[in-house]
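The values are calculated or read from the model by the stated rules, or taken from the named source; none is laboratory data. Remember, predicted model here, so these are calculated numbers, not experimental data. Note that each Cβ is placed from the backbone with ideal geometry, even for glycine, and that neighbours are counted across all protein chains shown. Please note that ligands, DNA and RNA were not included when accessible areas were found on the heavy atoms of the full protein model with its side chains. Shrake-Rupley method; radii C 1.70, N 1.55, O 1.52, S 1.80 Å.
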Amino acid sequence: MARDNTGVESAIDLDAILAQLGPFGKYNIVNYALLLFPIYLAGMFGSVFVFEAPDISYRCEIKQCESFNQSLWLDYTIPRDKGELSKCKRYQWRENLSTINNESCSEQNFNVEITEKCDRYVYSDEDSVVKDFDLGCQNWKRTLIGTIHNSGLFLSLPVTGIISDRYGRKVALSIASLMNGLFGFIRSFSTSYTMMLVLEFLEAGLGAGAYSTAFVLAMELVGPKGRVFGNTIINAVYVLGLMSLAGLSWWLQSWRQLLRIIYAPAMLVISYLWLLNESVRWLLSKGRNNEAANVLKKAMKMNNVDLSNDVLAPLYKLGRAEDFEKVKNETQNEEIQKEVKKSSTFIQVIKSRIIRKRVLVCSFLWITCTFVYYGLSINSVSLAGNKYINFMLVAFVEIPANFVCLLVLDRYGRKRTLIITYVLSACLCISLSLLPKDQKWWSLVLYLSGKFSITVAYSSVYIYVSEVFPTSMRQSLLAVCSSLGRVGSTLAPLTPLLALYYDNLPAIFFGSLALMASAMVFTLPETINVALPDTVEEAERLSQRQHKKESA
């Protein structure tokens, strides 16, 4: 709302203004193109640990035999596990047995009845942190890299959300991307495992909010009709980032070179402080109407659109839209800002039972999406076949999934789509756990189908959460849901450890969580074709509107 000089409130229908500007005119295309660059980079940053620390081939070092042809002694020095040489065990060396012809590598010198843990390892030529920092048979240390990276999101999303809501979207985006670039690039020079873990956390902890900020800015750039299509573009570009990550890893075969190539460009995003336009919706929520007017004027000029006087008059607080160039009422803006500070939106949110409940439910939906989504992506490299191609296939399936979102979200609504896709994900994951091990092609089909359905759910959740909270706290509340949801992505890198106990245990976990999420969706309101709520009261009315529909 904006106040004129008489103190009478007049609504600023920003969605109507955006509708007249057009969903994707030249102005929107230019700004979307700028936003898609950090989103593309975020696609690589989010899963880079998969190719930093892949599990590679290695075996125990048998120092008594390494100088001889290994084909002559491997069978009596290292036991086999499921037909493969054991990575972590070796046969006991008979310490007190006299050597035959001074040869300590003879079969008689090893007791094949007793095995012992390795103390040193011989690694294959494959590139991995496992090899560089000698992490042989320490799978928990290898998977901890991904967990530490994703745990940084607990810090970055709330902090970036606060910066975004207080100082502006483009400020938050520029700073977060700079942090991504700096700490990611420095990480490529890690000299120890500990140094790498610290930099993993700092890079994500200070920079991972770049994606959510770019997403919110993109959603606020268009009206209700353009949100789903905009979200589809964003997700498709994110997927291209994932596929580029796998392709670069396959080509470079060096995790250090990979980090330098993908993180260096992120530092260029600091230029967005001067190149990118601030969100008009955010400017209006802060009472900075004159700045919002300047951005809209630029959009009008780029799109060749003349907005009607009736639409513009409330924004410029005058009866005549042609006077907006002369409006410099700084005193009035200061009064609006004081009014905003007095009525603390944060306190309103805390007091609202409806919003509190919505935050908890949306957080659980996010936990489910991140756990299943990242879990399937991470475990894809363990499928039979080329791990890079498998990762690309699992990523590529997200593109048609996002186009399905485009087709179904505005036709069938957010709730119905979420319920169906969660249930489908659960059925596919559980079916995967029941499939015989020799059915490799069917395993791949079910795996890709499961990733397809959870991607539809994940994309829908991102849109849905951005639609159920008020503008003044949208980024902050989205960040709360997203950061709590990162419990899922933090635990996902550890799921390969479950497969050590039972091959299908990760899939069973994924399916069970998805079933629980589908039940939670029933408690939320439908937001199809509903204007973004600007106040807490408007956000609460979404639920009241839903109850009226159900009782009618």
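Scanning region 519-532 for residues that are within 14 Å of residue 464 (Cβ to Cβ) and not in a loop (DSSP other than H, G, I, E, B) returns 520, 521.
Can you tell me which residue among 418, 407 is of a type outside the set (Asp, Glu), buried (at least 24 other Cβ atoms within 10 Å of the Cβ) and out of contact with any strand residue (DSSP E or B) (no Cβ under 6 Å at 6 or more places or on another chain)? On inspection, the qualifying residue turns out to be 418.
For residues that are of a type in the set (Ser, Thr, Tyr), assigned to a loop (DSSP other than H, G, I, E, B) and modelled with pLDDT of 85 or more, tally how many sit in region 72-107.
In the first step, residues of region 72-107 are kept if they are of a type in the set (Ser, Thr, Tyr); the result is 76-77, 86, 91, 98-99, 104, 106.
Imposing the further condition that a residue be assigned to a loop (DSSP other than H, G, I, E, B) reduces the set to 86, 98-99, 104, 106.
Then keep just the ones that are modelled with pLDDT of 85 or more; that gives 86.
Qualifying residue count, region 72-107: 1.
When the residues of region 252-292 are filtered to those that are within 20 Å of residue 221 (Cα to Cα) and basic (Lys, Arg), the one that is modelled with the highest pLDDT is 281.
Given the structure, is residue 519 surrounded by 19 or more Cβ atoms within 10 Å (Cβ to Cβ) and of a type in the set (Gly, Ala, Ser)?
Values: surrounded by 19 or more Cβ atoms within 10 Å (Cβ to Cβ): no; of a type in the set (Gly, Ala, Ser): yes.
Answer is no for this residue.
If we only count helices (runs of 4 or more DSSP H) wholly inside region 192-301, which ones have 3 or more residues that are open to solvent by 50 Å² or more (accessible area, probe 1.4 Å)? Before you say what the answer is, go through the steps one by one.
On the way: elements: 193-207, 209-221, 224-252, 255-263, 272-275, 280-285.
The qualifying helices (runs of 4 or more DSSP H) are 193-207, 224-252, 255-263, 272-275.
Taking only region 262-300 into account, find how many residues are closer than 20 Å to residue 42 by Cα, hydrophobic (A, V, I, L, M, F, W, C) and out of contact with any Ser or Thr (no Cβ under 9 Å at 6 or more places or on another chain). Don't jump to the end; show me each part of the working.
From region 262-300, those closer than 20 Å to residue 42 by Cα are 262-273, 275-276; that's our starting set.
Subset that is hydrophobic (A, V, I, L, M, F, W, C): 262, 264, 266-270, 273, 275-276.
So of that shortlist, the ones also out of contact with any Ser or Thr (no Cβ under 9 Å at 6 or more places or on another chain) come out as 264, 275.
Number satisfying all stated conditions: 2.
Regarding residue 482, is this residue buried (at least 22 other Cβ atoms within 10 Å of the Cβ), of a type in the set (Gly, Ala, Ser) and under 27 Å from residue 236 (Cα atoms)? So residue 482 passes the test.
Residues that are open to solvent by less than 40 Å² (accessible area, probe 1.4 Å) and acidic (Asp, Glu) are absent from region 432-441.
A single entry from 550, 537 fulfils the requirement of being out of contact with any Leu (no Cβ under 8 Å at 6 or more places or on another chain), among the acidic types (Asp, Glu), over 17 Å from residue 425 (Cβ atoms) and at pLDDT 80 or above: 537. Where helices (runs of 4 or more DSSP H) fall entirely within region 123-172, those with at least 1 residues that are within 14 Å of residue 56 (Cβ to Cβ) and open to solvent by 40 Å² or more (accessible area, probe 1.4 Å) are at 129-132, 139-151. Restricting attention to region 79-96, the residues that are within 42 Å of the chain's Cα centre (by Cα) and either among the aliphatic types (A, V, I, L, M) or open to solvent by 40 Å² or more (accessible area, probe 1.4 Å) (or both) total 9.
Scoring residue 62 on the criteria (1) more than 30 Å from residue 398 (Cβ to Cβ); (2) open to solvent by 40 Å² or more (accessible area, probe 1.4 Å); (3) part of a loop (DSSP other than H, G, I, E, B) leaves a single failure, condition (2). When residue 376 is tested against (1) at pLDDT 85 or above; (2) in contact with a Cys (Cβ under 9 Å, 6 or more places away or on another chain); (3) not acidic (Asp, Glu), just one condition goes unmet, and that condition is (1).
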